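Notes to accompany the following structure.
What follows draws every value from the coordinates through simple rules; no lab data is involved. None of these values were measured; they are calculated from a predicted model. Heads up, the Cβs are rebuilt from the backbone with ideal geometry, glycines too, and the neighbour counts pull from every protein chain shown.
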Amino acid sequence: MPRKKIASETKERKAKKTESKPSNKEDKKKSAKNQKEIESETVSKRKTEKIEAFFLNDSIVTECSNEARLLYEKSRFGTLLEDGRVQLTLIEGYHLLDKDKIDLRQGKRLLGKEEFRKKCIRLEKNFWTRYIVYADFRNRGYIIKTALKFGADFRVYDKGVKPGEDHARWIVYPVKETDSLTWYEFAAKNRVAHSTKKRLLVGVVDEENSVTYYEIKWTRP
């Protein structure tokens, strides 16, 4: 066989071998791409994962998990218990259920939104009116907590402020548009706000579940 032909065949074999072998740069690019896809899938999975919560008589308790603890630490939902679980009020629980943040169980059975709402209405007076005001503040980015020790429904903090960092700015009384107050009741709410050094807000809920707020101040002539 002529030498030129042998040399030509040898070159062709080398060229084919070189083409079939991927470069280190290509390997690294593919590896980086795969890693990004894995990270993206992990983040997406975390976003869709819900916190397990359990309906116990008149309160709700979450599972002990990092997600539940972060829910408390970031947004101050509920009360953090010593064992790492978070205890929620009925209103907080319904809000998180409505936002698809939790799966709520009674025993082993999952509770739907409407079923749980009906339970809350039976258990808690003026639940729906109070919830509409609560959800409105949460949707606006405020932290809102119960204010039973102040003789009010809720206390509300300035945006960016968490309980423990500063005092609440307002105490809030939710009422229906069709409700009526006596002057004595109205004055009593003003006295509570004045004695706690907070501003008084009355949240009036209409038939379409829209809320109008009235801020009332105590003055002396």
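Tally Lys and Arg at +1 and Asp and Glu at -1 over the other residues with C-beta under 12 Å from the C-beta of LEU110: what net charge comes out? Taking every Cβ under 12 Å from that of LEU110, the sum is +2. For the range 144-193, the average shadow cast by the Cα convex hull is 4.0 nm², which is a quarter of the hull's surface.
In a DSSP loop and with at most 13 other Cβ atoms within 10 Å, the GluC sites (Glu not before Pro) in the range 74-125 are GLU82. Net charge in the neighbourhood of CYS64 (other residues with Cβ under 12 Å of its Cβ; Lys, Arg +1, Asp, Glu -1) is -3. Spin-label pair ASP98-LYS217: with each label point 7 Å from Cα along the Cα-Cβ axis, the two points sit 3.2 nm from one another. For ASP158 and TRP128, the difference between the fully extended length at 0.36 nm per residue and the C-alpha to C-alpha distance is 8.4 nm. Counted over the range 126-221 with a bin width of 5 Å, the fraction of Cα pairs per bin, in whole percents, is 2, 13, 24, 26, 20, 10, 4, 1. Sparsely packed loop sites in the range 159-221 (the chymotrypsin sites (Phe, Trp or Tyr not before Pro) outside DSSP H, G, I, E and B with at most 14 other Cβ atoms within 10 Å) comprise TRP218.
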